[in-house]
Amino acid sequence: MLRWSARIDPPWSLDAWRAAARLGLAAGVAPEQIDWLEGTDASLLDAPALAGAPMSGDAGGAAGPRVSKAFLELAASVLCHRDPQRLPLLYRLLWRIAHGQREVLSNPADADVQRAHALAQAVRRDAHKMKAFVRFREVPGEDDAFIAWFEPDHHIVDRVAPFFARRFAGMRWAILSPSRSAYWDGSSLSAGPGAQRSDAPADDSREELWRTYYASIFNPARLNERMMRQEMPVKYWKHLPEAALLPRLVRDAGTRVEEMHAREAVAPQRRIPEAPLLPSAAAARAADTLPDSLALQRHRAAACRRCALWEPATQTVFGEGPADARVMLIGEQPGDREDLSGRPFVGPAGKLLDRALGEAGIDRSTLYLTNAVKHFRFQRRGKVRVHQRPDREHVQACRSWLAGEIEQVRPDTVVCLGATAASALLGASFRFSEGRGQWHTLHDGTRALVTVHPSWVLRQGDGPAADAAYQVLLADLLKLAGDARP
Ligand code: URA
Ligand code: SF4
């Protein structure tokens with residue numbers, strides 16, 4: 001039997017595999033005639049390359065048979081598996097599709113089909129673990145640069161890297177693994193060779209925060225050690241700082257379950273879809289000092305996926321301030337800086353707000369500051385993320401978080417900064433130009449003052465229009481200061 005060799009490099013490349021498979025089919029080379037080689041591995045005994053096989057013209061011609069999108073998607077996943085047998089397996093399936101078994105994929109009892117699905121499933125599980133267990137560490141001496149070390153079972157780094165690029169778009173990072181690395185410079189992804197564990201920083205201050213956070217949010221009712229070991233295999237534990245806490249948390253779980261049940265009677269739990277990926281330092285700090293119910297909400301909001309805004313954003317930006325604040329300020333949504341830091345009103349609009357509050361004699365540290373929408377909505381223009389107004393559906397989806405904050409803090413007064421916050425609280429029919437600068441009353445009797453948004457003031461530039469806009473904001477804040485409730 002004539003033998004041919006086909007090299008797939010990199011070994012998970014769908015394009016490389018398809019090119020070889022097309023050649024094989026066009027030359028009528030049967031599955032058992034091909035030696036599949038991965039990457040750059042070479043052997044002196046390699047059969048001649050498949051590219052040299054003469055075309056036979058059968059089996060669908062040079063273009064190969066038409067295969068379904070489902071087959072290509074399955075192949076793309078299967079190729080990421082480390083099993084060397086995946087390459088002949090896929091070719092065998094393709095060969096069968098091309099030779100009269102077009103519907104083979106829809107036969108769940110077929111051994112090849114079963115094997116392919118099992119491999120794809122293992123790859124999906126591995127990808128899921130990578131998304132959940134990668135922990136970035138700060139690179140010492142560099143601003144905003146992070147490195148993570150991760151040991152996947154399969155060739156999934158290229159496949160999962162775009163997820164991290166979306167999730168952590170605002171920072172520069174590298175994910176190193178033994179056979180492949182991914183880099184994000186803030187605007188583009190690239191891949192590199194494998195690395196060593198020692199290439200990634202060993203520890204940083206974030207880990208302490210993560211530990212604090214983990215202890216404060218740990219949900220003992222979900223504790224099921226077997227499940228936990230399955231979901232977080234011991235091999236990952238050594239890279240997870242919170243793992244150091246597990247023995248103590250497991251020991252204390254009984255008492256904490258009782259405490260939690262007592263609390264739940266007061267604050268009904270909302271369902272969380274998934275645990276947050278990486279809590280910000282701000283989340284860790286705030287969760288530590290807030291009363292439980294607000295801390296719990298902050299934690300749940302960190303995993304919120306009720307609308308589409310969570311995905312491209314870095315993190316949920318929950319409200320911040322004393323849990324017994326008398327006044328709550330509500331903005332529209334976090335901006336670029338807020339998205340990166342996890343804290344509301346820390347960017348340019350926040351600076352302007354600080355100035356106006358100062359002039360009105362209001363101490364920011366006495367206020368609870370939050371937003372109508374908790375994720376940053378933006379459009380990417382080159383390297384810049386440009387603010388995009390949230391739609392009604394986002395405000396609607398996010399309203400229960402805001403309502404929860406109001407319920408817990410119970411302020412006497414809320415201040416709506418801009419039309420988005422005003423319509424979130426006073427209804428979509430609220431006419432901003434008529435109601436601005438005036439007191440209104442919410443359903444529960446809380447009074448509400450509506451004023452302009454500091455970003456609107458900033459957008460006026462720096463001429464007389466900007467001064468006038470600033471005076472509007474200041475006048476309303478003075479009204480707030482002067483009208484303080486007895
Ligand atoms: N604009 C807002 O509405 N909220 C912020 O947190 C920052 C800017
Ligand atoms: Fe959830 Fe609000 Fe974020 Fe939408 S914007 S995902 S509702 S927290």
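The values are calculated or read from the model by the stated rules, or taken from the named source; none is laboratory data. In this text, all values refer to a predicted model and were calculated from it rather than measured experimentally. We place every Cβ from the backbone using ideal geometry, glycine too, and count neighbours over all the protein chains shown. Remember, those area values only see protein heavy atoms, side chains included, never the ligands or the DNA or RNA. Shrake-Rupley method; radii C 1.70, N 1.55, O 1.52, S 1.80 Å.
Residues that are open to solvent by 30 Å² or more (accessible area, probe 1.4 Å) and touching a residue at least 60 places away in the same chain (Cβ under 8 Å) within segment 158-170 comprise D158, R159, R166, G170, listed in sequence order.
Cβ-Cβ distances below 9 Å connect the following pairs, each with a first residue in segment 295-307 that is more than 16 Å from ligand 1 (Cβ to nearest atom), a second residue that is assigned to a helix (DSSP H, G or I) and acidic (D, E), and a separation of six or more residues or different chains: A295/D288; Q297/E405; C307/E393.
Name the residue that is surrounded by the fewest Cβ atoms within 10 Å (Cβ to Cβ), counting only residues in segment 372-419 that are of a type in the set (S, T, N, Q) and under 25 Å from the mean Cα position of the chain (by Cα).
We begin by selecting, within segment 372-419, every residue of a type in the set (S, T, N, Q); these are 379, 388, 396, 400, 408, 413.
Of the ones still in play, those that are also under 25 Å from the mean Cα position of the chain (by Cα) are 379, 388, 396, 400.
Working: Q379: 10, Q388: 12, Q396: 15, S400: 15.
Step by step, filter segment 372-419, then rank; the result is Q379.
Look at (1) in a loop (DSSP other than H, G, I, E, B); (2) under 22 Å from V415 (Cα atoms) and you find that R298 fails only one, number (1).
Among V373, V384, which is the only one that is away from ligand 2 (no atom under 12 Å from the Cβ) and among the β-branched types (V, I, T)? Let's see the steps before the verdict.
Numbers: V373 fails: away from ligand 2 (no atom under 12 Å from the Cβ).
Exactly one residue qualifies, and that residue is V384.
Quick one: is T441 of a type in the set (S, T, Y), surrounded by 12 or more Cβ atoms within 10 Å (Cβ to Cβ) and either without any contact (Cβ under 8 Å) to a residue 60 or more places away in the chain or outside the structural domain of A165 (by TED's automatic domain parsing) (or both)? In short, no.
Taking the conditions exactly as written (buried (at least 19 other Cβ atoms within 10 Å of the Cβ) and in a helix (DSSP H, G or I)), does D126 satisfy them or not? Outline the logic, then answer.
Numbers: buried (at least 19 other Cβ atoms within 10 Å of the Cβ): yes; in a helix (DSSP H, G or I): yes.
Taking the combined requirement at face value, the residue satisfies it.
Would you be able to tell me the number of residues in segment 16-31 that are assigned to a helix (DSSP H, G or I) and farther than 16 Å from R86 by Cβ? Break it down stepwise before answering.
Let us first name the residues in segment 16-31 that are assigned to a helix (DSSP H, G or I), namely 16-26, 31.
So of that shortlist, the ones also farther than 16 Å from R86 by Cβ come out as 19, 22-23, 25-26.
Selection size over segment 16-31: 5.
Consider segment 89-115. How many of its residues are touching a Phe, Trp or Tyr at 6+ places or on another chain (Cβ under 9 Å) and open to solvent by less than 30 Å² (accessible area, probe 1.4 Å)? Within segment 89-115, residues that are touching a Phe, Trp or Tyr at 6+ places or on another chain (Cβ under 9 Å) and open to solvent by less than 30 Å² (accessible area, probe 1.4 Å) number 5. Close contacts from segment 4-16, counting a first residue that is under 22 Å from G28 (Cα atoms) and a second that is assigned to a loop (DSSP other than H, G, I, E, B) and open to solvent by less than 30 Å² (accessible area, probe 1.4 Å), with Cβ to Cβ under 6 Å and a gap of 6+ residues or different chains, come to W4/V29; W4/A47; W4/A53; S5/A47.
The residues of segment 320-365 that are more than 10 Å from ligand 1 (Cβ to nearest atom), open to solvent by less than 20 Å² (accessible area, probe 1.4 Å) and outside any helix (DSSP H, G or I), listed by number, are A325, M328, G342, A360.
Restricting to segment 324-351, count the residues that are under 25 Å from Q396 (Cβ atoms) and within 16 Å of ligand 2 (Cβ to nearest atom). Count: 12. Go through segment 136-162 and count every residue that is at pLDDT below 85 and either assigned to a loop (DSSP other than H, G, I, E, B) or of a type in the set (D, E) (or both). The number of residues fulfilling the criteria is 8. Would you check if P140 is surrounded by fewer than 20 Cβ atoms within 10 Å (Cβ to Cβ) and either in contact (Cβ under 8 Å) with a residue 60 or more places away in the chain or under 25 Å from F378 (Cβ atoms) (or both)? Judged against the criteria, P140 is a match. Restricting attention to segment 367-403, the residues being near ligand 1 (Cβ under 10 Å from one of its atoms) and more than 21 Å from V414 (Cα to Cα) number 2.
Does G141 qualify as being on the phi > 0 side of the Ramachandran plot, of a type outside the set (V, I, T) and assigned by TED's automatic domain parsing to the domain that holds P193? Talk me through it step by step, then tell me what you get.
Details: on the phi > 0 side of the Ramachandran plot: yes; of a type outside the set (V, I, T): yes; assigned by TED's automatic domain parsing to the domain that holds P193: yes.
Taking the combined requirement at face value, the residue satisfies it.
Candidates are the residues of segment 301-319 that are of a type in the set (A, V, I, L, M) and surrounded by fewer than 19 Cβ atoms within 10 Å (Cβ to Cβ); the one that is farthest from ligand 2 (Cβ to nearest atom) is A303.
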